[in-house]
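Chemist: Take this structure, written in structure tokens, and hold onto it; I'll ask about it next.
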Amino acid sequence: MLLDLLVIGLALAAILLIVVYTAITGISPLPTGPAARALVIDSLPPVEQGTIVEAGSGWGGLAFRVARARPRATVIGYELSPLPWLISQLRRLLQPASNLHLYRRDLLRGRFQEVNVVVCYLHADAIADLEPKLRRELPEGALVISNTFRIPGWRPQHVRQARTRFDTPIYVYRMPDAYRPAAVDELL
Ligand SMILES: C[S@@+](CC[C@H](N)C(=O)[O-])C[C@H]1O[C@@H](n2cnc3c(N)ncnc32)[C@H](O)[C@@H]1O
């Protein structure tokens, strides 16, 4: 009986924690589905080294796959919600990944200088908040791969569509062309 109450209490606390942080960040820790995940991995540049940041790494499902797909790159995940972050840390026991670093941190306080690729699955407002930071800090040639949401005012290098019920778009942006005004001949 006491054990039952303890389990129910812990489950309710976990749900509450997720709900509170969903309200704080404006988005639930919904993981990228398999089809979109495969397309994100396929959109990574072929370079083996460098730094890849996942902005809002959730439960770690995508971050671990990115780390496995690019074992010589340093993969950094920033996640604010404590429970998904904790679970992503515990996953290390099952899926060791020495090139993956998961920080419990607001992504707006993360470092994007010298980052080669940013992967994100956020919502429109969070992307709008992140945009000036990406523009300020990302080096020339860096890629931003955004699941589902466009970056307002930016032009994607290409858009791919994952075969899901909603034909999930994956936007791929290259710095700094993504936010430069279109060349005059493109406008004509
Ligand atoms: C839709 S989930 C995507 C999770 C994971 N990236 C994936 O694709 O499977 C978005 C995640 O971003 C996190 N997030 C949103 N705003 C954040 C912020 N300012 N700092 C850190 N994490 C944030 C949320 O907590 C949530 O876990």
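Any read-out appearing in this document is the output of simple, stated calculations on the displayed coordinates, not a laboratory observation. Predicted model, so just to flag it, every value in this text is computed and none were measured. Neighbour counts are summed over all protein chains in view; Cβ atoms, including those assigned to glycine, are modelled from backbone coordinates with ideal geometry.
Chemist: Ranked highest first by average number of other Cβ atoms within 10 Å, how do 18-25, 49-56 line up? Walk me through the numbers before you get to the answer.
Modeler: Numbers: 18-25: 14.0, 49-56: 21.2.
Going by the mean number of other Cβ atoms within 10 Å, highest first, we get 49-56, 18-25.
Chemist: By the gyration tensor of its Cα atoms, with a ≥ b ≥ c the square roots of the eigenvalues, what is the shape of the range 49-115: rounded for a/c under 1.5, prolate for a/b over b/c, or oblate?
Modeler: Numbers: a/c = 2.25, a/b = 1.03, b/c = 2.18.
Taking the square roots of the gyration eigenvalues as a ≥ b ≥ c, the range 49-115 is oblate.
Chemist: Continuing with this model, one more query. Could you state the number of Å between the C-alpha centres of the range 110-126 and the range 63-97?
Modeler: Centre-to-centre distance over Cα atoms comes out at 16 Å.
Chemist: In nm, to one decimal, how far is the Arg135 label point from the Ala35 one, both placed 7 Å along Cα→Cβ?
Modeler: In this crude spin-label approximation the distance works out to 3.4 nm.
Chemist: Residues of the range 106-121 with amide nitrogen under 16 Å from the 7 Å Cα-to-Cβ point of Phe166?
Modeler: Residues passing the 16 Å test: 120-121.
Chemist: Put +1 on the Cβ of every Lys and Arg and -1 on every Asp and Glu Cβ in the range 41-188; which of Gly58, Pro139, Leu107 then has its Cα farthest towards the positive end of the dipole?
Modeler: Gly58
Chemist: Share of antiparallel DSSP beta bridges in the chain, in percent to the nearest 5? Walk me through the intermediate numbers first.
Modeler: On the way: 9 of 27 bridges.
The antiparallel proportion sits near 35 percent.
Chemist: What is the helix-to-structure angle for 82-94, meaning the angle in degrees between its Cα long axis and the longest Cα principal axis of the chain, kept from 0 to 90 and rounded to the nearest 10?
Modeler: Taking Cα atoms only, the helix is inclined about 90 degrees.
Chemist: Gain in length, Leu3 to Ala69, computed as 0.36 nm per residue apart minus the alpha-carbon separation, to one decimal in nm?
Modeler: Numbers: separation 66, 0.36 × 66 = 23.76 nm, distance 4.16 nm.
The span from Leu3 to Ala69 would gain 19.6 nm if fully extended.
Chemist: What Rg and what Dmax come out for the chain when only alpha-carbon atoms are used, in angstroms?
Modeler: For the chain, the Cα radius of gyration and maximum Cα-Cα distance read 17.7, 74 Å.
Chemist: Next up: Go through the range 38-51 residue by residue and turn each phi into a ³J(HN,Hα) via Karplus (6.51, -1.76, 1.60, θ = phi - 60°); whole Hz please, and just put x for glycine and proline.
Modeler: Using θ = phi - 60°, the values come out as 4, 6, 4, 4, 5, 8, 5, x, x, 4, 7, 9, x, 10 Hz.
Chemist: For every helix of n ≥ 4 consecutive DSSP H residues, a contribution of -39,500 (n - 2.57) applies; sum these over the chain, divide by its total residues, and give [θ] at 222 nm rounded to the nearest 500 deg cm²/dmol. The partial results should precede the final answer.
Modeler: Values: 6 runs with 74 residues, N = 188.
Result for the chain, helices only: -12500 deg cm²/dmol.
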